1. A 26 angstrom limit on the alpha carbon distance is what I want to check against. Which of K43/K385; K321/K362; K177/K204; K77/K321; K43/K311; K331/K377 exceed it?
2. Taking C-beta distances below 4.7 angstrom as the pairing criterion, name the unpartnered cysteines of the chain, in sequence order.
3. Mind running the shape call on the chain? Use the C-alpha gyration tensor, a ≥ b ≥ c as the square roots of the eigenvalues: rounded below 1.5 for a/c, prolate if a/b tops b/c, oblate otherwise.
4. Leaving ligands, DNA and RNA out of it, report the carbon-plus-sulfur percent of the accessible area of the chain at a 1.4 Å probe.
5. Using a 7 Å offset from Cα along Cα-Cβ at K33, what residues in the range 324-341 end up with backbone N under 20 Å from the label point?
6. Cα-Cα pairs above 21 Å in the range 262-346: how many percent?
7. Give me the angle, in degrees from 0 to 90, between the Cα long axis of helix 33-50 and the longest principal axis of the Cα atoms of the chain, rounded to the nearest 10.
8. Obtain the nm distance between the two label points defined at E173 and E327 by a simple spin-label model: each point lies 7 Å from its Cα along the Cα-to-C-beta direction.
Amino acid sequence: MRRVIPGLIAAVLALTSGLARADTLRMECPPSKEGRQFCSFIKQQFEAQTGHTLAFISLPPASNEKLSLFQQLFAAKDSGAIDLFQADTVWIGVLDKHLLDLTDSVADIRNDFFPTSLQNDIVNGRVKAIPAYMDAGALFYRKDLLEKYGEKPPVTWTDLTRIATRVQQGEREAGHKNFWGLVFQGKAYEGLTCNALEWVESQKGGSFIDAQGNITINNSRAAQALDMAAAWVGKIVPPGSLGYMEEESRSVFQNGDALFMRNWPYAYMLAEDRSSAIRGKVGVMPLPKSEDGTSVSTMGGWHWAISAYTKNPKAAIALLKIVSSAESQKKALALTGWAPSRTALYDDPEVLAQAPYLADFKEVFIHAKPRPATQTKRQYAQVSKAIYNATYNVLRGDSDGATAVAELQQRLERIKARGWR
Ligand code: GLC
């Protein structure tokens, strides 16, 4: 009853204040139990505040599949398809013309977010999205097992390989037959491009395409980096990881069946959940590097954006402000593990008590390495596809690092043709 009354009052106020019609808005909602809980928290506030109704849409988990779906939806300019959704860091330039211009409506809040992340949302001087949560590649490890074997968290990829081999063998001998050293995202999709960037750039193989748009992937350090990852498969990495996205790798790790996991920070809060088999046993740190390289975390993150075809921009902006409030970001962290994009929350004692790793990860987020999306413009989706397919071929053993990077160079040169557009 307590919830109904404010809802009714707001509906009446909305009707009498000139918002003649109550609309139904559609917002993307993650399909997990925690995602749905977060969405119903938003729904209560939105409906009470505006008198409109909020409905939810769930979308495929892979970033590149979501992008194709949005491109189809937006091509039809359907105003009823979706109002508010999350756009991946690498899509803002690609989707630009389908995104509502938020410049004036978010002027009051835009400075509350990580400046590097907000910068990503500005296209031709116009704000086209607002950071929803921060992401950067991270290495998760089992503190209890490293201690059991007298090992420290790995600094280099060589350390990681050695420790994973040793602990895997020890655990298997002790009867844990399906125990693995490492899991990552090895399926041929956007997530593999993120993993590959970390392997290659942390070993001085460059970033596939440099900031000026020159293609740089055909080099021996990049080839070695891909060969290193391929050599793990079947030895310390389950062969099944060639089909893993984030959630599949998390499920192996959270079940207690792997020592190390490359994933995004959301996995921390879920690993610490009461139902988790590894609660209290998980450490998180920046990824390893080569002896002469530096740790590289791929910059990820998702951004709230409004469809340019929404039939009710005013209500969609009200919704955007609700989902991006400090309160909603705290709720999202607790439920889904999304790392806040509001900088002030990194000094909030409640947030730091819940997710202590965030104290160190603020810097990791700031220094995370972007994929070559800005410089390749609308061709990024094709570029990434070429990168993840080439990497996948090496992981499967269908190609070797040197052949794959030489072919990838040619493939990217053909996509670029007369320049990035
Ligand atoms: C995470 C990142 C996103 C990336 C995706 C790849 O969701 O935030 O930027 O594209 O993983 O799977």
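1. Violating the 26 Å limit, Cα to Cα: K43/K385; K177/K204; K331/K377.
2. C194
3. oblate
4. Heavy-atom surface of the chain belonging to carbon and sulfur, 1.4 Å probe: 52 percent.
5. 331-338
6. Here the long-distance tail beyond 21 Å is 50 percent of all Cα pairs in the range 262-346.
7. In the chain, helix 33-50 runs at an angle near 20 degrees to the longest axis.
8. Calculated label separation equals 5.7 nm.
The values are calculated or read from the model by the stated rules, or taken from the named source; none is laboratory data. Note that the structure is a prediction, hence the values are computed from the model and not measured. Because the Cβ atoms are built from the backbone with ideal geometry, glycine has one as well, and the counts that use them run over all protein chains shown. Areas reflect the complete protein model, heavy atoms only, side chains present, ligands, DNA and RNA absent. Shrake-Rupley method; radii C 1.70, N 1.55, O 1.52, S 1.80 Å.
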